[in-house]
1. Return the residues of the stretch 40-51 that are surrounded by fewer than 13 Cβ atoms within 10 Å (Cβ to Cβ) and under 20 Å from Q16 (Cα atoms); say none if nothing qualifies.
2. Cβ-Cβ below 9 Å, separation at least six or inter-chain, first residue in the stretch 57-70 and on the phi < 0 side of the Ramachandran plot and modelled with pLDDT under 90, second assigned to a helix (DSSP H, G or I) and of a type outside the set (F, W, Y): which pairs?
3. Output the number of residues of the stretch 28-53 satisfying the condition of being among the hydrophobic types (A, V, I, L, M, F, W, C) and touching a Phe, Trp or Tyr at 6+ places or on another chain (Cβ under 7 Å).
4. Starting from residues that are among the charged types (D, E, K, R) and modelled with pLDDT under 95, keep the ones in the stretch 24-39 and report whichever is most open to solvent (accessible area, probe 1.4 Å).
5. Go through (1) surrounded by 16 or more Cβ atoms within 10 Å (Cβ to Cβ); (2) part of a helix (DSSP H, G or I) and name the single condition V54 misses.
6. When the stretch 1-23 is examined, which residues are found to be open to solvent by less than 100 Å² (accessible area, probe 1.4 Å), under 21 Å from E66 (Cα atoms) and at pLDDT below 90?
Amino acid sequence: MKTKPLPNSEAPPADQTVFVTAAFLAKRWGVSRPTLYNWAKQNRIPSVRCGATVRFPLAKALAAVEGAAA
């Protein structure tokens with residue numbers, strides 16, 4: 001069963017973690033997907049693995065990379 005994505009005007013509730021793909025973060029930061037997977041293996045950015053799928057908690061990943069650059 002496919003679920004419908006939230007309309008752009010609706011933000012997720014504050015108590016829910018938003019997970020994103022490596023492609024999303026790679027595009028945002030201008031790095032390759034393999035670089036993100038390497039960073040996750042090195043614990044430079046948080047990630048969650050479910051089988052072969054890897055997702056990144058958006059707020060924590062942004063804080064880890066963009067917070068370190070500031």
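The values are calculated or read from the model by the stated rules, or taken from the named source; none is laboratory data. Note that this is a predicted model, so its numbers are computed, not measured. Positions of Cβ are backbone-derived with ideal geometry, glycine not excepted, and every protein chain shown enters the neighbour counts. Please note that ligands, DNA and RNA were not included when accessible areas were found on the heavy atoms of the full protein model with its side chains. Shrake-Rupley method; radii C 1.70, N 1.55, O 1.52, S 1.80 Å.
1. First, pick out the residues of the stretch 40-51 that are surrounded by fewer than 13 Cβ atoms within 10 Å (Cβ to Cβ): 41-43, 48-51.
Within the stretch 40-51, V48, R49, C50 qualify.
2. Short answer, once both residue conditions are applied: L62/L25; L62/R28; V65/L25.
3. At the first step, the residues of the stretch 28-53 found to be among the hydrophobic types (A, V, I, L, M, F, W, C) are 29, 31, 36, 39-40, 45, 48, 50, 52.
Applying the additional criterion that residues be touching a Phe, Trp or Tyr at 6+ places or on another chain (Cβ under 7 Å) yields 45, 48.
Of the residues in the stretch 28-53, 2 are among the hydrophobic types (A, V, I, L, M, F, W, C) and touching a Phe, Trp or Tyr at 6+ places or on another chain (Cβ under 7 Å).
4. Step one: list which residues in the stretch 24-39 are among the charged types (D, E, K, R), which gives 27-28, 33.
Add one more test, that the residue is modelled with pLDDT under 95, and what stays is 27-28.
Values: K27: 176, R28: 127 Å².
Ranking the qualifying residues of the stretch 24-39, first place goes to K27.
5. Exception for V54: condition (2).
6. Across the stretch 1-23, the qualifying residue is only T17.
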